[in-house]
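What follows is a short report on a single structure.
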Amino acid sequence: MRLHVIARGKIGRSAEAELVARYAKRVTWPMKWTELPDTGGSVPAPVTPVKEVLLDERGKQMSSEDFAKLLEGWRDNGVREARFLIGAADGHGDAAREKADVLLGFGPMTWPHLMVRAMLAEQLWRATSIIAGHPYHRAG
């Protein structure tokens, strides 16, 4: 299953970009990163069947283990692409929230969208390492 992060705004050369790159290169699953302008732009066509995860401060908070189980279940049930959508500074609209399969939050605080990219990259690495039985994740 391909992991596809679609984010609004440009990350450029920054400390966050270095963190994203550090974790993204560890993920052994196929992975794609798409940057869009803050408004407009064309979201690439999905590889179907697809599941969409919208990163949203109002989204469900889950443990790393539960996130790994979610991805593993999708992979094992034939989902070909899991898309993770990160909005611009103003987040996502109601229509996008209603369309998403999962609203995922990284806690009740508001996070800068560049930090969310880095946190998502780390959690994707952590989830895929949990699924693979890699010792990176230490539960408990």
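The values are calculated or read from the model by the stated rules, or taken from the named source; none is laboratory data. Treat the numbers as computed from the prediction; the structure is a model and nothing was measured. A quick note on method: Cβ atoms are made from the backbone with ideal geometry, for glycine too, and the neighbour counts reach across all protein chains shown. The area values use the complete protein model at the heavy-atom level, side chains included, leaving out ligands, DNA and RNA. Shrake-Rupley method; radii C 1.70, N 1.55, O 1.52, S 1.80 Å.
Tabulated data
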read-out: Residue count, the stretch 26-50 (criterion: more than 16 Å from Trp74 (Cβ to Cβ) and touching a helix residue (DSSP H, G or I) at 6+ places or on another chain (Cβ under 9 Å)); value: 3
read-out: Tabulated pairs, the stretch 46-71, first in contact (Cβ under 8 Å) with a residue 12 or more places away in the chain, second loosely packed, with under 13 Cβ neighbours inside 10 Å and not hydrophobic (A, V, I, L, M, F, W, C), C-beta under 6 angstrom, 6+ apart or interchain; value: Glu57/Thr110
read-out: Residue count, the stretch 58-72 (criterion: small (Gly, Ala, Ser) and more than 22 Å from Trp33 (Cα to Cα)); value: 1
read-out: Selected residue (only one of Leu124, Leu70, Leu114 is under 11 Å from the mean Cα position of the chain (by Cα) and part of a helix (DSSP H, G or I)); value: Leu124
read-out: Count of the stretch 107-138 residues which are open to solvent by 10 Å² or more (accessible area, probe 1.4 Å), of a type in the set (A, V, I, L, M) and in contact with a strand residue (DSSP E or B) (Cβ under 6 Å, 6 or more places away or on another chain); value: 1
read-out: Matching residues, the stretch 64-90, being open to solvent by 40 Å² or more (accessible area, probe 1.4 Å) and modelled with pLDDT under 95; value: Ala89, Asp90
read-out: Number of the condition not met by Lys32 [criteria: (1) part of a loop (DSSP other than H, G, I, E, B); (2) without any contact (Cβ under 8 Å) to a residue 60 or more places away in the chain; (3) within 13 Å of Leu3 (Cβ to Cβ)]; value: (1)
read-out: The stretch 15-67, subset of a type in the set (Asp, Glu) and farther than 25 Å from Ala96 by Cα, residue farthest from the chain's Cα centre (by Cα); value: Glu18
read-out: Residues being of a type outside the set (Lys, Arg), open to solvent by 50 Å² or more (accessible area, probe 1.4 Å) and part of a loop (DSSP other than H, G, I, E, B) - total across the stretch 16-29; value: 1
read-out: Which listed residue is surrounded by 14 or more Cβ atoms within 10 Å (Cβ to Cβ), of a type in the set (D, E, K, R) and touching a Leu at 6+ places or on another chain (Cβ under 8 Å), from Asp56, Asp101; value: Asp56
read-out: Residue check for Arg13: free of Cβ contacts under 8 Å to residues at least 40 places away in the same chain, on the phi < 0 side of the Ramachandran plot, in a loop (DSSP other than H, G, I, E, B) and open to solvent by 30 Å² or more (accessible area, probe 1.4 Å); value: yes
